[in-house]
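Below is one structure, written out as structure tokens; comments come after it.
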Amino acid sequence: MKRVITYGTFDMLHYGHINLLRRAKEQGDYLIVALSTDEFNWQEKHKRTYFEFEKRKQLLEAIRYVDLVIPEESWEQKVSDMTVYQVDTFVMGDDWQGEFDYLVNQTDVEVIYLPRTPEVSTTQIKQDLQNG
Ligand code: C2G
């Protein structure tokens, strides 16, 4: 069984996230999503989410491509996650291109960056709603 992992906030879930999760699952048989906690989002990404962690987790767990949701609490946990969850492939959108290449050297996972869905983002949705 090929195990895939990806990380993110997944706030205000939209089809860009679904496109990513679908393609991540296509890389293997079992997809783990490490979901940024509210604290991690605020302290490390200076993002306040619209939906709190438990709600974002509930949404992700309802997606057919997702097999397990775990918390993302730090940038550093990725290396140990690869071992703990016996990961074969790490997937991220290409807005992170190159940022996680260190995982190839520090673990034996395959690192794949997938093209983002260009026209949609949580930030854009919020702006559009504000502008009416
Ligand atoms: N994504 C995408 N297309 C979009 C929006 C997002 O492919 N239109 C992808 C991102 O590239 C990322 C995933 O969906 O791989 C989740 O996006 P975010 O929730 O914005 O995640 P981010 O804040 O980038 O956090 O340790 C990694 C971080 O937790 C990633």
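The values are calculated or read from the model by the stated rules, or taken from the named source; none is laboratory data. Not measured: the values here are computed from a predicted model. Every residue, glycine as well, gets a Cβ built from its backbone with ideal geometry; the counts of neighbours run over all protein chains shown. The area values use the complete protein model at the heavy-atom level, side chains included, leaving out ligands, DNA and RNA. Shrake-Rupley method; radii C 1.70, N 1.55, O 1.52, S 1.80 Å.
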Considering only segment 68-84, I want to know if a residue exists there that is more than 12 Å from the ligand (Cβ to nearest atom), among the aromatic types (Phe, Trp, Tyr) and open to solvent by 60 Å² or more (accessible area, probe 1.4 Å). no
Can you confirm whether residue 13 is within 11 Å of the ligand (Cβ to nearest atom), closer than 17 Å to residue 123 by Cβ, of a type in the set (A, V, I, L, M) and touching a residue at least 24 places away in the same chain (Cβ under 8 Å)? yes
What's the number of the condition residue 95 fails, among (1) within 13 Å of the ligand (Cβ to nearest atom); (2) under 15 Å from residue 8 (Cβ atoms); (3) surrounded by 12 or more Cβ atoms within 10 Å (Cβ to Cβ)? (3)
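Hey, among the residues in segment 98-112 that are open to solvent by 90 Å² or more (accessible area, probe 1.4 Å) and assigned to a helix (DSSP H, G or I), which one's nearest to the ligand (Cβ to nearest atom)?
Once the filter is applied, the top-ranked residue is 106.
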Just checking, does segment 113-126 include any residue being open to solvent by 60 Å² or more (accessible area, probe 1.4 Å) and away from the ligand (no atom under 11 Å from the Cβ)? yes
